[in-house]
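The values are calculated or read from the model by the stated rules, or taken from the named source; none is laboratory data. As the structure is a computational prediction, the values presented were derived from the model and not from experiment. Every residue, glycine among them, receives a Cβ derived from its backbone with ideal geometry; neighbour counts consider all protein chains shown.
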């Protein structure tokens, strides 16, 4: 569901950057008040896992389309909404800047559509209320994961339709676009919900205290150490990013399928847009594309000018390292600034 710049006008893109910036600023403030250092290893590993998971497109039978996880619900279930949202921003920014996945001008909208709903709506309106019930922990996890992924992905898909409509892309009648986008993302959300619940059920059995707001009814005690659980998740991420990504479906994802169809595969044309000439053009989009071209060293998760499978595996490994590394570095900045301030105040008082 990564939007290209051609789907947005500069005005709408600016508004979405602003909305995302407000949510990010609030998240930074909230995270700084938490003991974020204790979450750093979990943040780094789970964010890398989400990056790898997004490389693994799965086919939606009978449609000619494919989907991949967004990951917002998974991260918010383990990190909380604020740290989860910031982790998603890191993932989406790295995908955009270094892998040319989603437009740079559209990055604010992509963060909102793919991260805001999963992390904030998913947590406060779905995850936390369900975790507060007296249901069995496994039932709570499955119910919250599936409902959360389905509902938040529906909201994200609807936002894409609304943003393109406000951008006045006349080739995309709002009603028709919504009628195609919502059903396909319902199917994608169901698969993501099941995948999310599977990972969380493993964590519930291995180290239940990692799951937010689980309360009573979780496993009585941890069966694995934190290091062991994170090692397992890291191994899964490596398998996804460097191995199974090679088997990812070649069908267009839900958004691309809605826009361009899949006639080559014998399916509908849907909105029937021309992949080489669609949407709106602007100086802002051209400048953003120029920056993206210079920065993206593995565009479309491949070596430039090559279809080698090694490019995909390399992209998975490099992407996971970048995501984990950026999270560790950025999360340590407030601690270093605070330490420097304390030392400075100490010297002044001497």
Against the definition (in a helix (DSSP H, G or I), crowded, with 23+ Cβ neighbours inside 10 Å and touching a residue at least 60 places away in the same chain (Cβ under 8 Å)), how does residue 141 come out, yes or no? yes
Is there any pair with a first residue in region 28-56 that is free of Cβ contacts under 8 Å to residues at least 24 places away in the same chain and at positive phi and a second that is surrounded by 23 or more Cβ atoms within 10 Å (Cβ to Cβ) and part of a loop (DSSP other than H, G, I, E, B) whose Cβ atoms are under 6 Å apart and which are 6 or more apart or on different chains, and what are they? none
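Scan region 186-204 and give yes if some residue there is assigned to a helix (DSSP H, G or I), over 24 Å from the mean Cα position of the chain (by Cα) and closer than 30 Å to residue 267 by Cβ, otherwise no.
So in region 186-204, the residues assigned to a helix (DSSP H, G or I) come out as 186-204.
Filter once more, so that each one left must be over 24 Å from the mean Cα position of the chain (by Cα): none.
The answer is no; no qualifying residue exists.
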Consider region 156-186. How many of its residues are surrounded by fewer than 19 Cβ atoms within 10 Å (Cβ to Cβ) and closer than 29 Å to residue 237 by Cα? 3
Exactly one condition in (1) in a helix (DSSP H, G or I); (2) out of contact with any strand residue (DSSP E or B) (no Cβ under 7 Å at 6 or more places or on another chain) is not met by residue 267; state its number. (1)
What pairs can you find where one residue is in region 292-306 and closer than 16 Å to residue 5 by Cα, the other is at pLDDT below 95 and assigned to a loop (DSSP other than H, G, I, E, B), and their Cβ atoms are less than 9 Å apart, with a gap of 6+ or different chains? 296/304
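Consider residue 303 carefully, then state whether it is in a loop (DSSP other than H, G, I, E, B), at pLDDT 95 or above and under 22 Å from the mean Cα position of the chain (by Cα).
Numbers: in a loop (DSSP other than H, G, I, E, B): yes; at pLDDT 95 or above: yes; under 22 Å from the mean Cα position of the chain (by Cα): no.
Judged against the criteria, residue 303 is not a match.
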Report those helices (runs of 4 or more DSSP H) wholly inside region 1-106 carrying at least 3 residues which are under 14 Å from the mean Cα position of the chain (by Cα). 40-54, 72-79, 81-99
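From the list 214, 153, which one is over 19 Å from the mean Cα position of the chain (by Cα) and buried (at least 18 other Cβ atoms within 10 Å of the Cβ)?
Details: 153 fails: over 19 Å from the mean Cα position of the chain (by Cα).
Being over 19 Å from the mean Cα position of the chain (by Cα) and buried (at least 18 other Cβ atoms within 10 Å of the Cβ) holds for just one of 214, 153, which is 214.
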